[in-house]
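The values are calculated or read from the model by the stated rules, or taken from the named source; none is laboratory data. The structure displayed is predicted, hence computed values, not measured ones. Using ideal geometry, Cβ is built from the backbone for each residue, glycine included, and neighbour counts are taken over all protein chains shown.
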Amino acid sequence: MCYYLGMSDFASRLRELRTSGNLRQKDLADALGVAQTTIANYEQGARFPDEKVLRQIADYFNVSLDYLMGRADVNLVAQDVQYPNSFYREEEENLAPMSPLAKEYLGFLLAGKREEASNLVHDAVNAGRGVKEIYLTVFERTLKEIGLMWMQNRVDVAMEHYFSASTQIIMSQLYPQITAASREKKDSVCLSIAVCGEFHDIGARMVADFLEMDGWKTFFLGNNLCNDDIVKAAMDHRADVLVLSATMFFNVESIARAIRAIRAIEALRDLVILVGGRPFNQDAELWKKVQADGFARSAEEAVKLANRLVNKLASSDHVLSGQEAL
Ligand code: B12
C-alpha cells in the first residue's frame, strides 16, 4: 500500500536521526532488512512503515515511539544528552600511519588469507612484539582502516565483516599470552560491556584484555547488554569498575540510561563507571554529560585510569570527588 503524508513529522524525524548518526540510507536499510528505496520513501513522506518496522526503527535509534512520530520534542530515553556538532568530524582524518606489520596484516586479510594473517601475528609475538602493541597498532589500527575503506566504497560490507570476524579469531588465539602476562593477580574486578543497541564490542573486549594483563579479574560480557542485566551483573560479580563502550553516536543515550540505572542503586554506589569509544573520542566533554566517573581514549589509558580511580576510592572513604579523563 502506498501512503502520501506529505513531509510528516515522522519523515523529518527519521531523516534527522539517520543523518545525526552519520548513516547512509543504505546503512539503515541494511540494519532494518528493507530496501534503500523504502527508507528514501519514508523520508520523503511517500510511504509509512508498518507497526513492526516502526518499532524496529525506534529500537535501532533507542528513541521512544512518541519521539519518532514527532509527538514529543525531547527523546525521553535520554533527555540530557545532546549530539555535539563535532560528531560529524571524522576521526579517520587523524589516524596515525600504519606500521609495516599492520600493512602486511591488512594485505593478507584483504586477500582472504586468514591463516597467513594469523601466522604473521604469531611470528611477531614469538619474535618479541608485545600483545598490547599488536592490539593497538595492528588490530585497532587496521580495523579503523577497513572502516575508512568501507566508507570510501573501496571494500564492501562483506569484507568489513570478514575482516572484523577474522581479527576476533586471531585475538582469541592470543589469549594464552594474555593470561601469561597477568601473573600478578589483583583483587579488582571489572565488567566490560558494549551497551544496549551497540554491536561494536571489540573496543570493550580490548579494554578487558588489557585489564586482565594488568592482573584484574575481568568479565567481558560482549555487546547489546541492557540496563537490568548490567545492574545484575555488576552486583553478581561485585564489580569495582564498569567499562561501558559505545561506537554509534545514538548509543550514547544507552550509556546515559545505564548510568542512571546504576546510580539509582545504593548497593552500587562505589562502582566506578568508565566510558569510552568513538563518540567520546570525538567529543572530549561528552563523558561528563553522561555522568561517568572517567573516560580514556585507548585500552592502555583505560588501565591507568581504572587503577587510579580504584586506588583513589579506596583511600577516600568511598566517595569519588570528581570526574577524570586520560
Ligand atoms: C568492525 C566494525 C563493525 C562490526 C562490529 C563487530 C564487533 N563485534 O565489534 C559490525 C559488522 C557488526 C559493524 C556494524 C555496524 N557498523 Co561498524 N564498524 C566496524 C569498524 C570497521 C571497526 C570497529 C572497531 O572494532 N574498531 C576498533 C576498536 C578497538 O576501536 P574502539 O572501539 O575505538 O576502541 C578503542 C578506544 O575507543 C577505547 N575504548 C573503547 N571502548 C571503551 C570503553 C571505555 C570505558 C574506555 C575507557 C575506553 C574504550 O579502547 C579501545 C582500544 O584502544 C568501524 C570503523 C572504525 N573507525 O572504528 C566501523 C564503524 C564504527 N561502523 C559503522 C557503521 C555505520 C556500522 C553499521 C551501522 C552498519 C555497518 N557498517 O554494518 C552497523 C552498526 C550496528 C550497531 N547498532 O551497532 C561506522 C560508524 C559511522 C558513524 N559515523 O558512527 C564506522 C565508523 C565505519 C565507517 N567508517 O563509516 N561494524
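Anything in the stretch 143-166 that is more than 8 Å from the ligand (Cβ to nearest atom) and either among the charged types (D, E, K, R) or touching a Phe, Trp or Tyr at 6+ places or on another chain (Cβ under 6 Å) (or both)? List them, or say none.
Passing the criteria: E145, R154, D156.
Filter the stretch 269-278 down to the residues that are modelled with pLDDT under 95 and either near the ligand (Cβ under 7 Å from one of its atoms) or outside any loop (DSSP other than H, G, I, E, B) (or both) and list them by number.
R278
For the subset of the stretch 220-240 comprising residues that are out of contact with any helix residue (DSSP H, G or I) (no Cβ under 7 Å at 6 or more places or on another chain) and not in a loop (DSSP other than H, G, I, E, B), which member is nearest to I255 (Cα to Cα)?
Checking each candidate, the answer is L225.
Is there a residue in the stretch 260-270 that is assigned by TED's automatic domain parsing to the domain that holds S298 and crowded, with 24+ Cβ neighbours inside 10 Å?
Scanning the stretch 260-270, I find no residue that is assigned by TED's automatic domain parsing to the domain that holds S298 and crowded, with 24+ Cβ neighbours inside 10 Å, so the answer is no.
Those residues that are surrounded by 15 or more Cβ atoms within 10 Å (Cβ to Cβ) and either modelled with pLDDT of 50 or more or of a type in the set (F, W, Y) (or both), I need them from the stretch 73-98; list them, please.
N75, Y83, F87, M98
Please name all residue pairs, on different chains or six or more residues apart, with Cβ atoms under 9 Å, provided the first residue is in the stretch 42-67 and is closer than 23 Å to E198 by Cβ and in contact (Cβ under 8 Å) with a residue 24 or more places away in the chain and the second residue is among the charged types (D, E, K, R) and assigned to a loop (DSSP other than H, G, I, E, B).
Y67/D73
Given the structure, is A302 assigned to a loop (DSSP other than H, G, I, E, B) and either surrounded by 17 or more Cβ atoms within 10 Å (Cβ to Cβ) or of a type in the set (A, V, I, L, M, F, W, C) (or both)?
no
Got a sec? Which of N311, N251, N281 is modelled with pLDDT under 95, more than 17 Å from the chain's Cα centre (by Cα) and not assigned by TED's automatic domain parsing to the domain that holds R18?
Sole residue among the options that is modelled with pLDDT under 95, more than 17 Å from the chain's Cα centre (by Cα) and not assigned by TED's automatic domain parsing to the domain that holds R18: N311.
With the requirement that a residue be touching a helix residue (DSSP H, G or I) at 6+ places or on another chain (Cβ under 6 Å) and not in a loop (DSSP other than H, G, I, E, B), what does the stretch 194-210 give you?
Residues satisfying the conditions are A194, V195, M206, V207, D209, F210.
State all residues of the stretch 207-238 that are of a type in the set (D, E, K, R) and within 10 Å of the ligand (Cβ to nearest atom); if no residue qualifies, say none.
D209
Scan the stretch 199-206 and give yes if some residue there is hydrophobic (A, V, I, L, M, F, W, C) and more than 12 Å from the ligand (Cβ to nearest atom), otherwise no.
No, the stretch 199-206 contains no residue that is hydrophobic (A, V, I, L, M, F, W, C) and more than 12 Å from the ligand (Cβ to nearest atom).
Pull up the stretch 167-198, narrow it to residues that are within 9 Å of the ligand (Cβ to nearest atom) and in the same structural domain as Y105 (by TED's automatic domain parsing), then point me to the one that is nearest to A256 (Cα to Cα).
Only one residue fits best here, namely Q168.
Being of a type in the set (D, E, K, R) and farther than 23 Å from V303 by Cβ is the filter here; which residues of the stretch 239-284 pass it?
Those that are of a type in the set (D, E, K, R) and farther than 23 Å from V303 by Cβ: E253, R257, R260, R263, E266, R269.
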